[in-house]
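Below you'll find the structure, written out as C-alpha cells, and then a few comments.
The values are calculated or read from the model by the stated rules, or taken from the named source; none is laboratory data. In this text, all values refer to a predicted model and were calculated from it rather than measured experimentally. Neighbour counts run over all protein chains shown; Cβ positions are idealised from the backbone, glycine included.
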C-alpha cells in the first residue's frame, strides 16, 4: 500500500534545498565572478530576482502546465494557483494518477512540486549568462515569465509528466538533459544572437572581474548538483546513491580533461578552465545520473570536458556569436552529449521497479534513437519559441540597454548601485 516514507521525504527536501542553493548563492556568485566589475550586481540581481519571479510563476500556472495530465503536449489548467493541494496535502503523491503511466511516490505533493520548482528557477537563471552585460532588467523579467510558461513548462510536460509524448516514447532524462540543459543552452544561444554582441567584443578586455567569486560559485554548484541529480529518484534509495556517485565521477573526469587539454593547447591550466570543466561534466551526467554506472560516467565526463572546451572557444570564435558566459558552449553541448550517451550506456537494472523487475531502460540503438528524437525536438522547439518570445518582449519593453548605458555599466544604470 502506498504511504509516506519519512526518509524519502527528508532526502527529497534536502535535495530541494541543495538545488535552490545552486541558484542563490551558487550561480549568482559563479556568474558575478566572470563578468566585468561594472555589471557584477546586475548579474547577481538577475539570479536573485528570477528565484522570486519563477516561484510565483510556478505557483500561478507553471506547475499545472508541466505536471497535470492534460494531453501529450501540454498539461491542463486544473492546478492553477495550486488548486486542490489542500485536499490531499498529507497523502502520498502519484504523478499521472488515473493514467496508464501513473508513477506513485512516497512523498507528499508539496515536496514534489517544490523540488520541481527549483529546476524551473535555475534554468532561466543559467540563460542570463548568455545575455550578460546588455539586457534590460525589465526585458529579462518579461521574457523569462513568458518563456517559463511557454517553453520550460511544456518541455517538462513532454519529458517528465505521465502523459508527455516523449515520456510515453520512453525517453531517458533523469534530471534535465533536455528540459534544463539543452533548453537553457539553445535559449542562451538565441538570446546572444538576437541581442547581438557586447560593445567592444573582440577588441576590449572582457576578462572576469573576480575569479575567486566564480570558484566559490562553482564549488556550490558542484555540491548542489548532488541533490539536483539524485533527488529525481524521489527517495533515499539505491538509485539516488548511484546518482550521487556518478555525478561526482563525471564532474571529476571533465575537470581533468578540460584542464589537461587547455594545458596542452595553451601552455597553462587556467582556473576558469577547471571550473568550467567541472560544470560541463555535471551537465553531461545530468540526464544519465539515474541510468548509468561509474565507468560510463567517467567516459561521459572526459568527453564533455574536451568537447565543451572546443565549444566555448573554437566553435564560438569560428561562428562569431557572443555567448557571454558560455551557456550554449557548456550547457547546450554537454546536455546533448549526456542525452546521447544515456541512450547508449543506460543500465536496465537501475530502472527496475516492482512492476518491471528486470528494468525498463537499456542502452542500445533503439534507446539512442529515442534520445536523438528528444534532442532534436528540444532544440527546434526552444530555438523557435525563444526567438518569437524575444521579439514579443522587444516590442513590449525593448531588449537591450542603450550604447551609453552599456558603456557605463548595468549596476549604476539599472540599479543605481555599484561595487567599489
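Taken together, 413, 388, 370, 419 contain a single residue that is in a loop (DSSP other than H, G, I, E, B) and over 19 Å from the mean Cα position of the chain (by Cα), which is 419.
Here the condition is being closer than 30 Å to residue 395 by Cβ, in contact (Cβ under 8 Å) with a residue 60 or more places away in the chain and touching a helix residue (DSSP H, G or I) at 6+ places or on another chain (Cβ under 9 Å); of 179, 159, 215, 223, it holds for 179 alone.
All conditions in (1) modelled with pLDDT of 95 or more; (2) buried (at least 24 other Cβ atoms within 10 Å of the Cβ) hold for residue 213, with the sole exception of (2). Taking the listed residues 175, 125, 162, the one that is surrounded by 24 or more Cβ atoms within 10 Å (Cβ to Cβ) and at pLDDT below 95 is 175, with no other qualifying. The residues listed here are 190, 159, 180, 168; of these, the one that is closer than 27 Å to residue 370 by Cβ, within 13 Å of the chain's Cα centre (by Cα) and assigned to a helix (DSSP H, G or I) is 180. Candidates 153, 120, 139: the one that is over 19 Å from residue 70 (Cβ atoms), buried (at least 20 other Cβ atoms within 10 Å of the Cβ), touching a helix residue (DSSP H, G or I) at 6+ places or on another chain (Cβ under 8 Å) and in contact (Cβ under 8 Å) with a residue 24 or more places away in the chain is 139. Being surrounded by 14 or more Cβ atoms within 10 Å (Cβ to Cβ), on the phi < 0 side of the Ramachandran plot and either out of contact with any strand residue (DSSP E or B) (no Cβ under 8 Å at 6 or more places or on another chain) or not in a loop (DSSP other than H, G, I, E, B) (or both) holds for only one residue in 107, 4, and it is 107. Looking at region 372-391, can you tell me whether even one residue there is touching a strand residue (DSSP E or B) at 6+ places or on another chain (Cβ under 9 Å) and more than 22 Å from residue 214 (Cβ to Cβ)? No, region 372-391 contains no residue that is touching a strand residue (DSSP E or B) at 6+ places or on another chain (Cβ under 9 Å) and more than 22 Å from residue 214 (Cβ to Cβ). Assessment of region 97-104 against the conditions (touching a helix residue (DSSP H, G or I) at 6+ places or on another chain (Cβ under 9 Å) and assigned to a helix (DSSP H, G or I)) yields no matching residue.
Within region 403-415, the set of residues being without any contact (Cβ under 8 Å) to a residue 12 or more places away in the chain and either within 14 Å of residue 44 (Cα to Cα) or surrounded by 12 or more Cβ atoms within 10 Å (Cβ to Cβ) (or both) comprises 405 only. For region 367-384, the set of residues classified as within 16 Å of residue 156 (Cα to Cα) and crowded, with 20+ Cβ neighbours inside 10 Å consists of 371, 374, 375, 378, 382, listed by residue number.
From the list 267, 295, 364, the lone residue that is touching a residue at least 12 places away in the same chain (Cβ under 8 Å), surrounded by fewer than 21 Cβ atoms within 10 Å (Cβ to Cβ) and over 25 Å from residue 126 (Cα atoms) is 364.
For residue 318, state whether it is modelled with pLDDT under 95, surrounded by fewer than 21 Cβ atoms within 10 Å (Cβ to Cβ) and not in a helix (DSSP H, G or I). No; evaluated as a whole, the condition is false for this residue. If only residues of region 226-241 that are surrounded by fewer than 22 Cβ atoms within 10 Å (Cβ to Cβ) and touching a residue at least 12 places away in the same chain (Cβ under 8 Å) are counted, the one that is farthest from residue 105 (Cα to Cα) is 239. Between 248, 203, the distinction of being under 20 Å from the mean Cα position of the chain (by Cα) and without any contact (Cβ under 8 Å) to a residue 40 or more places away in the chain belongs to 248 only.
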